[in-house]
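Chemist: Please see the structure below; I have some questions.
The values are calculated or read from the model by the stated rules, or taken from the named source; none is laboratory data. This structure is a prediction, so every number in the text was calculated from the model and none was measured. Positions of Cβ are backbone-derived with ideal geometry, glycine not excepted, and every protein chain shown enters the neighbour counts. Heavy atoms of the whole protein, side chains included, go into the accessibility calculation; ligands, DNA and RNA do not. Shrake-Rupley method; radii C 1.70, N 1.55, O 1.52, S 1.80 Å.
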Amino acid sequence: SHDPVNVDDGDACTTDTCNPQSGVSHTSVAIDDGNACTTDSCHPTRGVSHDPVSLDDGDACTTDACDPQT
């Protein structure tokens, strides 16, 4: 019998595959959303997240904003 192996490592931050020649691999997922206004991260059980960066500079005389490109 030739039963397939379980390739799932239980880590939401990896893509799990199996190549007949090289075996099982767990490749890190891409987490960068290309938005400079978020902090990108990955938690092994919750997966990828893109949390907004803090914009408040503590100065009431400025308007705080973020450009996703810069």
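Chemist: HN-Hα J couplings of the range 14-30 from phi, Karplus 6.51/-1.76/1.60, θ = phi - 60°, integer Hz, Gly and Pro as x?
Modeler: Those phi angles translate into 10, 9, 9, 9, 9, 9, x, 8, 9, x, 6, 9, 10, 9, 4, 7, 6 Hz.
Chemist: Name the cysteines of the chain that stand alone by the Cβ rule: no other cysteine Cβ under 4.7 angstrom.
Modeler: Cysteines lacking a close Cβ partner in the chain: CYS18, CYS61.
Chemist: Please turn the phi angles of the range 51-58 into ³J(HN,Hα) values with the Karplus equation 6.51 cos²θ - 1.76 cosθ + 1.60 (θ = phi - 60°), one per residue in order, whole Hz, x for glycine and proline.
Modeler: 8, x, 6, 6, 9, 5, 8, x
Chemist: Whole number in Å², please: accessible area per residue of the chain, 1.4 Å probe, ligands, DNA and RNA not counted.
Modeler: Averaged over the residues of the chain, the accessible area is 78 Å².
Chemist: Got a sec to turn the phi values of the range 4-12 into Karplus ³J(HN,Hα) couplings, 6.51 cos²θ - 1.76 cosθ + 1.60 with θ = phi - 60°, whole Hz, x for Gly and Pro?
Modeler: So the J values, rounded to whole Hz, are x, 7, 7, 9, 6, 8, x, 10, 5.
Chemist: How much of the accessible area of the chain, probe 1.4 Å, is carbon plus sulfur, in whole percent?
Modeler: Whole-percent figure for carbon plus sulfur exposure: 50.
Chemist: Working out 0.36 nm times the residue gap between VAL48 and ASP67, then minus their Cα-Cα distance, what length gain in nm do you get to one decimal?
Modeler: Using 0.36 nm per residue and subtracting the Cα-Cα distance, I get 4.7 nm.
Chemist: Which residues' amide hydrogens lie under 5 Å from the amide hydrogen of VAL24, considering only partners 5 or more residues apart or on another chain, with H built in the peptide plane?
Modeler: Answer set, sorted by chain and number: ASN19.
Chemist: Using every Cα-Cα pair within the chain, state what percent have a distance larger than 13 Å.
Modeler: 73
Chemist: Could you pull out every residue, at least 5 positions away or on a different chain, whose amide H is within less than 5 Å of the one on ALA12? Hs are placed 1.01 Å off N in the peptide plane, and Pro or chain starts have none.
Modeler: Excluding prolines and chain starts, which carry no amide H, the hits are THR45, GLY47.
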